[in-house]
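Below: the structure, in structure tokens.
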Amino acid sequence: MTLKFIARLRSSRVVVQDQLEVPDQAAVGGGGDGEDCCWAKLPPELLREVLLMIEDSETRWPQRKTVVACAGVCSSWRLIVKEIVKFPEISGKLTFPISVKQPGPKDGLLHCFIKRNRSTHTYCLYLSLTNALTDDGKFLLAARKHKRPPHNDYIISLRAEDMSRGSSSYVGKLRSNYLGNRYTILAGQSAHTGSKMAKNHSPRLPNLKHASSKVHLVNYSMAHISYELEVFGSRGPRRMQCIMGTIPTASTAPEEPARARSEFSGLNTDIFQSNPIAHSEPASMGNFLSGSLCGQKNGALVLINKAPRWNEQLHCWCLNFHGRVTVASVKNFQLVASPENRKIVLQFGKVGKDLFTMDYQYPISAFQAFAICLSSFDTKNLWRWWCLL
């Protein structure tokens, strides 16, 4: 318990020192990265054993914030935490911000839910903390719709209060074509080209400093989504297809699991770094939004919506969401790798007026799953179709 408290205290002090003007940082905080404090001098074997106990005991949020706090104590703690905290695909846990762009767990669906705010055109993604359809949740991502004719953009961010494209919390965006039946998921990569301490000109805080940095953003295509009319008529369910450009088809093969690598920039701590993925050609976005799907796959994983069954008694199309969806809606869907593959990679459905469940697993990430679900919100009703529970 003492180590947990010190970790939280030390982590909070690091944040304060980054925001306030401190005359002698070494004297106040024990060095820029905490290397001079007594907790940084613990024997590595003992420290590792303690951190392993914390990692094993704090398995769910909000208790898991202790693990995050331990990573902020100093570089020696951070290196050990980075080593013992496994990828979500292995542990099934979302711990650090980078986790939202790493593949989900392999052993089952990770339960999340989305809250929609119609007045502000915003959407917030939360990690479910219990087995209930909704709870307080752990905030993961937020998105806001921007109408920029002839496209609609959904800006996705790590912070609900800061969803600007130039922010360091920017994750990526979802872009639609004019008709609203084709979408491209773009992941953002930001690089700090320079940083310096500058005086804050706010009259309320005359003595504060802040780190001003010029952020250069690069978007690269990660996936393409298309909606098509089902072949058996205008009253049938819609057909959905997702070409995951950065995930190989082999990732769904049991004998050859392949990690869909991701990249997350704009974070200062090295614990959030991961390996880069192969970027798609930027020109492919324009071709996809205006053209066909032919020639776009190139060995990439293709997800399709699971075909619903017609229920004669209910006179509607039905899918089995295993209790995770309770309201019939055209937005409800389940994605699989092939019609023969029964493994559900992503399922999304309505449980309230502005409340929706989102469950995903390997090989897609929370960011990719969230963006796909946003396309379901935005898709225009060009045809008279209805996909029910």
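The values are calculated or read from the model by the stated rules, or taken from the named source; none is laboratory data. What you see is a predicted model; the values in this text were computed from it and never measured. All Cβ positions, glycine included, derive from the backbone under ideal geometry; neighbour counts span all protein chains shown. Surface areas here come from the heavy atoms of the whole protein model, side chains and all, with no ligands, DNA or RNA. Shrake-Rupley method; radii C 1.70, N 1.55, O 1.52, S 1.80 Å.
Brief remarks follow.
- Hey, S76 in the same structural domain as E49 (by the TED database) and of a type in the set (S, T, N, Q) or not: yes
- Qualifying position, being modelled with pLDDT of 85 or more and touching an Asp or Glu at 6+ places or on another chain (Cβ under 9 Å), among R309, R259, R324: R324
- Breaking point among (1) within 18 Å of the chain's Cα centre (by Cα); (2) assigned to a loop (DSSP other than H, G, I, E, B); (3) surrounded by fewer than 16 Cβ atoms within 10 Å (Cβ to Cβ), for L94: (3)
- Count of the stretch 141-163 residues which are farther than 12 Å from D378 by Cα and either free of Cβ contacts under 8 Å to residues at least 24 places away in the same chain or open to solvent by 20 Å² or more (accessible area, probe 1.4 Å) (or both): 11
- Selection status of K101, surrounded by fewer than 21 Cβ atoms within 10 Å (Cβ to Cβ) and within 24 Å of G245 (Cα to Cα): no
- Just one residue in the set G166, G108, G180 is in contact (Cβ under 8 Å) with a residue 24 or more places away in the chain, open to solvent by 10 Å² or more (accessible area, probe 1.4 Å) and on the phi > 0 side of the Ramachandran plot; that residue is G108.
- Here K138 passes the criteria (1) closer than 30 Å to L179 by Cβ; (2) open to solvent by 50 Å² or more (accessible area, probe 1.4 Å) except the one numbered (1).
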